[in-house]
Amino acid sequence: MKGILYGAGVGPGDPELMTLKTVRLIRENEIIALPGAIATETVAYQIAVQAVPELACKTLIPVAMPMTHDREEMERNHDRAADTLEACLKNGQNVVFLTLGDPTIYSTYLYVQKRIAARGYETCLVSGITSFCAAAARTNTPLVEWNEQLHVVPAVHRLDDSLTMPGTYVLMKSGKKMGQVKEILQKSGRDVVMVENCGMEQERIYRGTASIPEDAGYYSLIIAKEPRT
């Protein structure tokens, strides 16, 4: 019998936003993988352990996948991560890989899951609350109404969008290029709110483009809505 790899979302930061399913999987399985060099220092661990204290007594597997734009290095990191997890799966042990937010949204975990599935193992995605839904709720901001469109853009990778499409824009991972992001936002004339570290102790909320600091952190999410007429 081969083990199953679960990619489980822990939500954006508030441990109360973790799903009952992710909590159950942590409790029912011994091996928990976490995205980072030191398991207990990962953001995913620090969120989950607040909701599931027994996580501290589990077998924790750190899976280091440093961010890089070098395609070959990235591939090697993902292959190495898959090798680490396969060592458990081939012995019939399930692995629960904890990810921030929802594992289907810009998650590095997905690259590892593809490799594990290609090697003949069963995989399962467990949804979590997305950062942009949590940020919208935290700021009392409706994302879309009636027939409005929603555009989710990874701002750290794509800054060629002038935000001209109708509807609401969500700019994720904006921190590293905040200066350029602010220029685009100012030109768009949209109503802007940004949440930094949503649901975490260091959470900050900024309303209006001018109030957003250019040194904002990596976990900065912007909601840009068309101005109401």
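The values are calculated or read from the model by the stated rules, or taken from the named source; none is laboratory data. Predicted model, so just to flag it, every value in this text is computed and none were measured. All Cβ positions, glycine included, derive from the backbone under ideal geometry; neighbour counts span all protein chains shown.
Given the condition at pLDDT 95 or above and exposed (fewer than 13 other Cβ atoms within 10 Å of the Cβ), answer yes or no: does some residue in region 43-50 qualify? No: region 43-50 contains no residue that is at pLDDT 95 or above and exposed (fewer than 13 other Cβ atoms within 10 Å of the Cβ).
When the criteria are applied in full, residue 127 meets the requirement of being within 22 Å of residue 21 (Cβ to Cβ), surrounded by fewer than 18 Cβ atoms within 10 Å (Cβ to Cβ) and under 19 Å from the mean Cα position of the chain (by Cα).
What are the pairs with Cβ atoms under 7 angstrom where one residue, in region 177-193, is assigned by TED's automatic domain parsing to the domain that holds residue 213 and the other, located anywhere, is modelled with pLDDT of 90 or more and exposed (fewer than 13 other Cβ atoms within 10 Å of the Cβ)? Sequence gap at least six, or different chains. Hits for this filter: 192/208. Screening the candidates 220, 162 for the property of being within 23 Å of the chain's Cα centre (by Cα), without any contact (Cβ under 8 Å) to a residue 60 or more places away in the chain and not assigned by TED's automatic domain parsing to the domain that holds residue 45 yields one hit, 220. Of the residues making up region 8-30, not a single one is in contact with a Pro (Cβ under 8 Å, 6 or more places away or on another chain) and farther than 24 Å from residue 221 by Cα. Cβ-Cβ contacts under 8 Å between residues 6 or more apart (or on different chains), taken from a first residue in region 3-17 that is surrounded by 24 or more Cβ atoms within 10 Å (Cβ to Cβ) to a second residue that is in a loop (DSSP other than H, G, I, E, B) and among the β-branched types (Val, Ile, Thr), are listed as 9/19; 9/129; 11/19; 11/129; 12/129; 12/130. Apart from one condition, residue 129 fits all of (1) modelled with pLDDT under 95; (2) in contact with an Asp or Glu (Cβ under 9 Å, 6 or more places away or on another chain); the exception is (1).
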